[in-house]
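Participant: Structure in structure tokens, see below.
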Amino acid sequence: MRISADKLDSIMMILFQDIDSMRLQEDQQTLDDTHNLYLKIFDAAILLTHRCKIVQFLLFYVSHLKPDYTISFIGYLLSKFEQPSMTIITRASALSYLASFLARAKYVKLATIKQTLSFLSSWITFYLETEGNKDVPENGGQIHRVFYAACECLFYIFCFRHWKIYKDSTGSSFVQELKISDIVTSPLNPLNECAGTVSREFVRVCEYRNIGKWTEILYRNKKYAKTTQEGFFPFDPYLLKNSSKFISGLYCKWKGIDQHDEEEEEEDVETEDKNENRDDDEEESDSDVPKVMSYVEEIPYDLDYQFGSH
């Protein structure tokens with residue numbers, strides 16, 4: 001097993017170095033072609049690979065080299081999620097990647113994070129308005145799988161990024177617009193169908209931020225639970241020893257409420273701003289928002305597809 005890991009580590013080193021060589025040579029066309037190639041490979045061979053842990057970090061790395069690369073990857077994932085013609089597994093997998101990417105990639109702008117959370121909240125709210133008052137059948141977790149995956153995506157991103165959101169002067173008002181309380185207390189009970197670790201931490205964060213107190217829902221869910229939900233987040237810590245140096249400076253580590261330190265948060269922001277490959281000296285604004293959505297095909301909501309014969 002160790003030999004296989006070492007070989008994979010060496011291969012990843014070569015590929016990361018190859019990307020760096022293009023960057024240093026300022027070969028923009030080749031970089032653009034490489035980014036597009038990696039995105040095509042991701043679509044064809046990685047997105048649906050069960051518990052893939054390493055090769056997706058090539059796209060994680062390439063995406064930091066240019067803001068458009070970051071936005072196009074997020075837009076690609078949102079488009080996969082939103083299209084009713086995609087299989088449920090494809091849509092749920094795209095949401096897992098979206099959650100993990102926005103939680104872990106330091107270089108993603110706050111405006112982009114907020115825009116994506118707003119998009120998810122709007123989709124979830126619309127779904128609840130259409131399907132939320134219906135009785136949840138025994139297999140509700142499967143019938144509403146995309147809905148629960150969208151909730152888990154929103155919860156997971158918020159757990160990682162609430163520090164950054166609330167540092168912004170509009171943070172509190174923005175969070176109110178997400179309608180988190182309506183989502184959590186809805187009849188579809190998303191806390192029961194999301195990964196247990198995500199649900200528990202999300203409830204802790206919401207109580208810390210005075211959004212709501214929902215430990216009783218967790219207790220009730222645990223008492224009557226038939227199964228334990230297990231989440232998978234494909235940009236969990238990169239464990240290959242040597243090639244990890246390409247990822248570590250771009251990677252957002254987990255900081256829970258108990259261990260968070262404001263000085264450490266400031267250091268993280270400074271590290272992000274000093275990234276030599278990104279022009280982050282500009283004042284952050286909502287200008288990224290339409291750019292993200294420009295990569296998402298305009299597809300009307302078709303919730304009947306979820307329950308039809310497809």
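Participant: Can you run down the residue pairs with Cβ atoms below 6 Å, 6 or more apart or on separate chains, where the first is in the stretch 175-201 and within 16 Å of Thr125 (Cβ to Cβ) and the partner is open to solvent by less than 10 Å² (accessible area, probe 1.4 Å) and among the β-branched types (Val, Ile, Thr)?
Facilitator: Close Cβ pairs satisfying both conditions: Ile183/Ile124.
Participant: Still on this structure: Answer with yes or no whether Tyr38 is assigned to a helix (DSSP H, G or I), touching a His at 6+ places or on another chain (Cβ under 8 Å) and without any contact (Cβ under 8 Å) to a residue 40 or more places away in the chain.
Facilitator: In short, no.
Participant: For the stretch 72-88, what are the residues that are of a type in the set (A, V, I, L, M, F, W, C) and open to solvent by 10 Å² or more (accessible area, probe 1.4 Å)?
Facilitator: Hits for the stretch 72-88 are Met86, Ile88.
Participant: Inspect all residues belonging to the stretch 91-100 and state whether any of them is polar (S, T, N, Q), open to solvent by 20 Å² or more (accessible area, probe 1.4 Å), under 29 Å from Lys167 (Cβ atoms) and touching a residue at least 12 places away in the same chain (Cβ under 8 Å).
Facilitator: Within the stretch 91-100, one or more residues are polar (S, T, N, Q), open to solvent by 20 Å² or more (accessible area, probe 1.4 Å), under 29 Å from Lys167 (Cβ atoms) and touching a residue at least 12 places away in the same chain (Cβ under 8 Å).
Participant: Restricting to the stretch 47-84, name every residue that is touching a residue at least 12 places away in the same chain (Cβ under 8 Å) and farther than 17 Å from Ala105 by Cα.
Facilitator: Leu47, Leu48, Arg51, Cys52, Ser79, Lys80, Phe81, Glu82, Gln83, Pro84
Participant: Scan (1) more than 16 Å from the chain's Cα centre (by Cα); (2) crowded, with 18+ Cβ neighbours inside 10 Å for the single condition Arg104 breaks and write down its number.
Facilitator: Going through the list (1) more than 16 Å from the chain's Cα centre (by Cα); (2) crowded, with 18+ Cβ neighbours inside 10 Å, Arg104 breaks only (1).
The values are calculated or read from the model by the stated rules, or taken from the named source; none is laboratory data. Predicted model, so just to flag it, every value in this text is computed and none were measured. Cβ coordinates were reconstructed from backbone atoms using ideal geometry, including for glycine residues, and neighbour counts include every protein chain displayed. These area figures cover heavy atoms from the full protein model, side chains too; ligands, DNA and RNA do not enter into them. Shrake-Rupley method; radii C 1.70, N 1.55, O 1.52, S 1.80 Å.
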